[in-house]
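Taking it in order: structure first as structure tokens, then the write-up.
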Amino acid sequence: MQEYTYKTKGTCSQAIKITLNGDTIESVKFLGGCNGNLQGIDKLVHGMKIDDVISRLTGIRCGFKPTSCPDQLAQALIEIKANKTDVT
């Protein structure tokens, strides 16, 4: 298992800690933000493949903001995939 920390941009949350087992999400923990909703995201994406989460969450907006916590999770996973050869 590998853990990654991603500093979010444009959201109430400040960072996301992501634990992966290969290309499968084990856990997602947000620092800051709407606690209940973000716990829900963790439960929903647990066990999902990275590409499935990216395709479902990319582009979600929060109000008038150009991004959201779910979108930032997708951006984090895109960055992890681009920078890590062990994530497929």
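The values are calculated or read from the model by the stated rules, or taken from the named source; none is laboratory data. Please read all numbers here as calculations on a predicted model, not as lab measurements. For neighbour counting, all protein chains shown are included, and Cβ atoms are generated from backbone atoms with ideal geometry for every residue, glycine included. Accessible surface is based on the protein model in full, side chains and every heavy atom, while ligands, DNA and RNA are left aside. Shrake-Rupley method; radii C 1.70, N 1.55, O 1.52, S 1.80 Å.
Report in % the part of the accessible area of the range 1-51 that belongs to carbon and sulfur, leaving out ligands and nucleic acids; probe 1.4 Å. Please list the in-between numbers first.
Numbers: 1580 of 2950 Å².
The C+S portion of the solvent-accessible surface of the range 1-51 is 54 percent.
Once the Cα atoms of helix 35-45 and of the chain are each reduced to a long axis, what angle between those two axes, in degrees from 0 to 90 to the nearest 10, is obtained?
The angle comes out near 30 degrees.
For the chain, what size does the Cα cloud have along each of its three principal axes, sorted from largest down, in whole Å?
For the chain, the Cα extents along the three principal axes come out at 35, 22, 20 Å.
Enumerate the amide H contacts of residue 23 below 5 Å, restricted to partners 5 or more residues apart or on another chain; note that Pro and chain-start residues carry no placed amide H.
Those lying under 5 Å, H to H, from residue 23 are 88.
Per residue of the range 24-31, what does 6.51 cos²θ - 1.76 cosθ + 1.60 with θ = phi - 60° give for ³J(HN,Hα)? Whole Hz please, x for Gly and Pro, Karplus curve as stated.
10, 7, 8, 7, 9, 10, 9, 9
Report, in deg cm²/dmol and to the nearest 500, the calculated mean residue ellipticity at 222 nm for the chain, where each DSSP H run with n ≥ 4 adds -39500 (n - 2.57) and the sum is divided by the residue count.
Details: 3 runs with 34 residues, N = 88.
After summing the helix terms and dividing by the residues of the chain, the value is -12000 deg cm²/dmol.
Within the chain, list the trypsin sites (Lys or Arg not before Pro) lying in a DSSP loop whose Cβ has at most 15 other Cβ atoms in a 10 Å radius.
Hits after loop and neighbour filter: 9, 61, 84.
Please give me, ordered by residue number, the chymotrypsin sites (Phe, Trp or Tyr not before Pro) of the chain that lie in loop per DSSP and have at most 15 other Cβ atoms within 10 Å. Numbers along the way, then the final one.
Values: sites: 4, 6, 30, 64; in loops: 64.
Answer in residue order: 64.
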